[in-house]
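Trainee: Would you mind keeping the following structure in view while I ask a few things?
The values are calculated or read from the model by the stated rules, or taken from the named source; none is laboratory data. Source: prediction; values computed, not measured. In this analysis, Cβ positions are derived from the backbone assuming ideal geometry, glycine residues included, and neighbour counts consider all displayed protein chains.
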Amino acid sequence: MKNNLLMLFFIGLTTYTWAQDSLATLNAEQVLQAVKKYHPIAQQAIIGVAKAEADITIARGAFNPIIGTYLAQKTLSGTNYYNYVLPQIKLPTWYGVELSAGTANINGDRLTEDETPGRTSVVGITIPLAQNLVLDKRRAFLKQAKLYHTLAQVEQRALMNDVLMHAIDAYWTWVKAHQTYVILKNNVEINERRLTLVKKAVANGERPPIDTVEALTQLQNFELQQTQHWLAFQNAGLQLSAYLWKPNNEPYYLPETIIPQAGWENEVNISSFNIALVDLLSTSNQSNPNLVAYQYKIEALTVNQKLKFQELLPKLDLSYNWLNKGYTPQFNTNLGTDNYQVGLKFEMPLFLGYGRGEYKKAGLKLQDTKLDFNLKQQQTELKIKRYHNDFITLQKQIELQRNNYNNYQIMLRAEEALFYNGESSMFLINSREAKALEALEKLIDLKTKYFKTIYALQWSAGLLN
């Protein structure tokens, strides 16, 4: 009887493992892949990029040729005042120059002196000489649409970076909850067998009856903790389920039969991560989507500021039209001698209040965004350094806690040996066992925090996508 009891006590707090051959498992890489493929935010990010592509199409539409015609007729008291047939096509160009061509068929008894009766044709060009020469709304909107399209792609990466971090954080919380539950389940089984043996020892007169109460109390305490950790494991699974979706956009609820993959401490996915502080800081400044997004925002606002500056300039447009009788255009090389129409249009507000206000506002928006960028850059750098400090510290803490747990195990086994020799009690055994359990739970907590921190390092640098 004593030998059996001693052998049971020497089992200690070895971690209980399930027969995982009959259970499905889940690892971090599978969680990340599932989120990338099926999470609604991933789909919404794709939609955002598609919207930006549509905006480019809209902006390019401003450069499409425009065809139109003007038809008019007036007859009064038997008099044919006029008949107008004026088809025309206009072609905007990238450089602000507008080309046009058209024909006219005009006849009637009451035409004005500047109207040419009969069939005529015209080919013209309009050139801005001040405002809109360097940049106009059409060019500005197209440039901004292209920048916002790239910005949408960058923001898609930023969204996925955040979602993946939340998902992997939920995953490691789930792993911690499962491992803690397994430990308590193991302890309950050990204490059930211990209680049985203690009862036999008491019945044989080898131990005092109080030991039965001590063993039962320890068992009940572990059973209570087991139910609490089972609940925590189930709730952690629900939290993780929030990031797991099916291909048909239906939510997926993680069943309790799925557990973390065996050997979860040997995380394979992180082997390719670069955790050097200098490299992370350098990479973040160059490719962090949260920082790159600001660069495209600044470029778009710079285009807007240039456009507002154009509105400060006077509007001075030169137009020249080649005229010809009939519908067959004939270009005259002597531009200023015959068959032409030339015009010069000038407009300028007297006080430029609207233009100055818009230009100042555009400059302030640009300045504000640059300040936000500098602040975001500093916050990102500090975040990376903080997580890197956590990473280094956790490595040391895990080693210390592992040694701490091993020492508690040694003390527990020594107490068990004293108990076998009649020099100890169930109270001391239970105390040692509780301390060893607490140390093991702390060790698991540090390990899962360690993995969370490694992923957080990648996330803070904008690389988790």
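Trainee: Please verify whether residue 423 is among the acidic types (Asp, Glu), over 30 Å from residue 131 (Cβ atoms) and part of a helix (DSSP H, G or I), treating the condition exactly as stated.
Mentor: On the way: among the acidic types (Asp, Glu): yes; over 30 Å from residue 131 (Cβ atoms): yes; part of a helix (DSSP H, G or I): no.
Considered against the rule, which asks whether it is among the acidic types (Asp, Glu), over 30 Å from residue 131 (Cβ atoms) and part of a helix (DSSP H, G or I), residue 423 comes out as no.
Trainee: Please count how many residues of region 88-109 are buried (at least 16 other Cβ atoms within 10 Å of the Cβ) and out of contact with any Asp or Glu (no Cβ under 7 Å at 6 or more places or on another chain).
Mentor: 8
Trainee: Where in region 1-70 are the helices (runs of 4 or more DSSP H), entirely inside, with at least 3 residues that are farther than 28 Å from residue 174 by Cβ and at pLDDT below 90? Steps first, please.
Mentor: Values: elements: 2-9, 28-38, 40-60.
Once the helices (runs of 4 or more DSSP H) in region 1-70 are filtered for at least 3 residues that are farther than 28 Å from residue 174 by Cβ and at pLDDT below 90, what remains is 2-9, 40-60.
Trainee: Could you please tell me which pairs satisfy a Cβ distance under 6 Å, a separation of 6+ or placement on different chains, a first residue in region 343-361 that is touching a residue at least 24 places away in the same chain (Cβ under 8 Å) and under 25 Å from residue 319 (Cα atoms), and a second residue that is among the aromatic types (Phe, Trp, Tyr) and assigned to a strand (DSSP E or B)?
Mentor: Listed pairs, sorted by first residue: none to list.
This table checks each residue for (1) under 30 Å from residue 77 (Cβ atoms); (2) at pLDDT 90 or above; (3) within 39 Å of the chain's Cα centre (by Cα).
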position: 111; (1), (2), (3): yes, no, no
position: 116; (1), (2), (3): yes, no, no
position: 126; (1), (2), (3): no, yes, no
position: 129; (1), (2), (3): no, yes, no
position: 132; (1), (2), (3): no, no, yes
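Trainee: Residue pairs, Cβ under 7 Å, 6 or more apart or interchain, first in region 232-256 and assigned by TED's automatic domain parsing to the domain that holds residue 171 and farther than 22 Å from residue 184 by Cα, second of a type in the set (Lys, Arg) and assigned to a loop (DSSP other than H, G, I, E, B). List them.
Mentor: Going by the 7 Å Cβ cut-off, the qualifying pairs are 252/246.
Trainee: Something else now. Here is a list: 158, 130, 167. Which entry is small (Gly, Ala, Ser) and over 30 Å from residue 455 (Cβ atoms)? Reasoning before the result, please.
Mentor: Values: 158 fails: over 30 Å from residue 455 (Cβ atoms); 167 fails: over 30 Å from residue 455 (Cβ atoms).
Unique residue meeting the criteria: 130.
Trainee: Also, I was wondering about something else. Can you tell me which condition residue 226 does not meet? The list is (1) without any contact (Cβ under 8 Å) to a residue 60 or more places away in the chain; (2) out of contact with any helix residue (DSSP H, G or I) (no Cβ under 9 Å at 6 or more places or on another chain); (3) buried (at least 16 other Cβ atoms within 10 Å of the Cβ); (4) not β-branched (Val, Ile, Thr), and all the others hold.
Mentor: It fails just one condition, (2).
Trainee: Of these, 149, 178, 166, which one is in a helix (DSSP H, G or I) and touching a strand residue (DSSP E or B) at 6+ places or on another chain (Cβ under 9 Å)?
Mentor: Working: 149 fails: touching a strand residue (DSSP E or B) at 6+ places or on another chain (Cβ under 9 Å); 166 fails: touching a strand residue (DSSP E or B) at 6+ places or on another chain (Cβ under 9 Å).
One residue alone meets the criteria, 178.
Trainee: Looking at (1) within 30 Å of residue 379 (Cβ to Cβ); (2) part of a helix (DSSP H, G or I), can you tell me which one residue 464 breaks?
Mentor: Exception for residue 464: condition (2).
Trainee: For residue 102, indicate whether it is at pLDDT below 90, in contact with a Leu (Cβ under 7 Å, 6 or more places away or on another chain) and among the small types (Gly, Ala, Ser). If you could, list the steps in order and put the result at the bottom.
Mentor: On the way: at pLDDT below 90: no; in contact with a Leu (Cβ under 7 Å, 6 or more places away or on another chain): yes; among the small types (Gly, Ala, Ser): yes.
No; evaluated as a whole, the condition is false for this residue.
Results for (1) over 30 Å from residue 436 (Cβ atoms); (2) surrounded by fewer than 19 Cβ atoms within 10 Å (Cβ to Cβ); (3) modelled with pLDDT of 95 or more, shown as yes or no for each residue.
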position: 381; (1), (2), (3): yes, yes, yes
position: 387; (1), (2), (3): yes, no, yes
position: 392; (1), (2), (3): no, yes, yes
position: 400; (1), (2), (3): no, yes, yes
position: 403; (1), (2), (3): no, yes, yes
position: 412; (1), (2), (3): no, no, no
position: 415; (1), (2), (3): no, no, no
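Trainee: Ok, one more. Quick one: in region 49-85, which of the residues that are of a type in the set (Gly, Ala, Ser) and in contact with a strand residue (DSSP E or B) (Cβ under 8 Å, 6 or more places away or on another chain) is nearest to residue 122 (Cα to Cα)? Step through it out loud before you land on a result.
Mentor: First, the residues of region 49-85 that are of a type in the set (Gly, Ala, Ser): 50, 52, 54, 59, 61-62, 68, 72, 77-78.
Pick out the ones that are also in contact with a strand residue (DSSP E or B) (Cβ under 8 Å, 6 or more places away or on another chain) and you get 62, 68, 72.
Values: 62: 23, 68: 14, 72: 19 Å.
Checked region 49-85; the qualifying residue nearest to residue 122 (Cα to Cα) is 68.
Trainee: Pick out the one residue from 195, 151 that is assigned by TED's automatic domain parsing to the domain that holds residue 264 and either out of contact with any Leu (no Cβ under 9 Å at 6 or more places or on another chain) or free of Cβ contacts under 8 Å to residues at least 12 places away in the same chain (or both).
Mentor: Working: 195 fails: either out of contact with any Leu (no Cβ under 9 Å at 6 or more places or on another chain) or free of Cβ contacts under 8 Å to residues at least 12 places away in the same chain (or both).
One residue alone meets the criteria, 151.
Trainee: Being closer than 16 Å to residue 276 by Cβ and touching a Leu at 6+ places or on another chain (Cβ under 8 Å), is that true of even one residue in region 393-409? Working first, answer last.
Mentor: Filtering region 393-409 for residues closer than 16 Å to residue 276 by Cβ gives 395.
Applying the additional criterion that residues be touching a Leu at 6+ places or on another chain (Cβ under 8 Å) yields none.
Taking every residue of region 393-409 in turn, none turns out to be closer than 16 Å to residue 276 by Cβ and touching a Leu at 6+ places or on another chain (Cβ under 8 Å).
Trainee: Looking only at region 406-419, decide whether some residue is more than 18 Å from residue 219 (Cα to Cα) and either part of a loop (DSSP other than H, G, I, E, B) or not assigned by TED's automatic domain parsing to the domain that holds residue 174 (or both).
Mentor: no
Trainee: For residue 245, only one of the following conditions fails: (1) surrounded by fewer than 16 Cβ atoms within 10 Å (Cβ to Cβ); (2) touching a strand residue (DSSP E or B) at 6+ places or on another chain (Cβ under 7 Å). What is its number?
Mentor: If we test residue 245 against (1) surrounded by fewer than 16 Cβ atoms within 10 Å (Cβ to Cβ); (2) touching a strand residue (DSSP E or B) at 6+ places or on another chain (Cβ under 7 Å), just (1) comes out false.
Trainee: Within region 174-208, which residues are surrounded by 19 or more Cβ atoms within 10 Å (Cβ to Cβ) and among the polar types (S, T, N, Q)?
Mentor: If the condition is that a residue be surrounded by 19 or more Cβ atoms within 10 Å (Cβ to Cβ) and among the polar types (S, T, N, Q), then 179, 180, 186, 187, 191 are the ones that fit.
Trainee: Restricting attention to region 316-332, and to residues there that are modelled with pLDDT of 90 or more and not aromatic (Phe, Trp, Tyr), which single residue is nearest to residue 120 (Cα to Cα)?
Mentor: Within region 316-332, the subset modelled with pLDDT of 90 or more is 316-320.
If we keep only those that are not aromatic (Phe, Trp, Tyr) too, we end up with 316-319.
On the way: 316: 28, 317: 24, 318: 22, 319: 18 Å.
In this case the residue turns out to be 319.
Trainee: Another question, then. Taking region 357-373, which residues are surrounded by fewer than 14 Cβ atoms within 10 Å (Cβ to Cβ) and either under 20 Å from the mean Cα position of the chain (by Cα) or of a type in the set (A, V, I, L, M, F, W, C) (or both)? Break it down stepwise before answering.
Mentor: First, the residues of region 357-373 that are surrounded by fewer than 14 Cβ atoms within 10 Å (Cβ to Cβ): 357, 360-361, 364, 367-368, 371-372.
Across region 357-373, the qualifying residues are 364, 371, 372.
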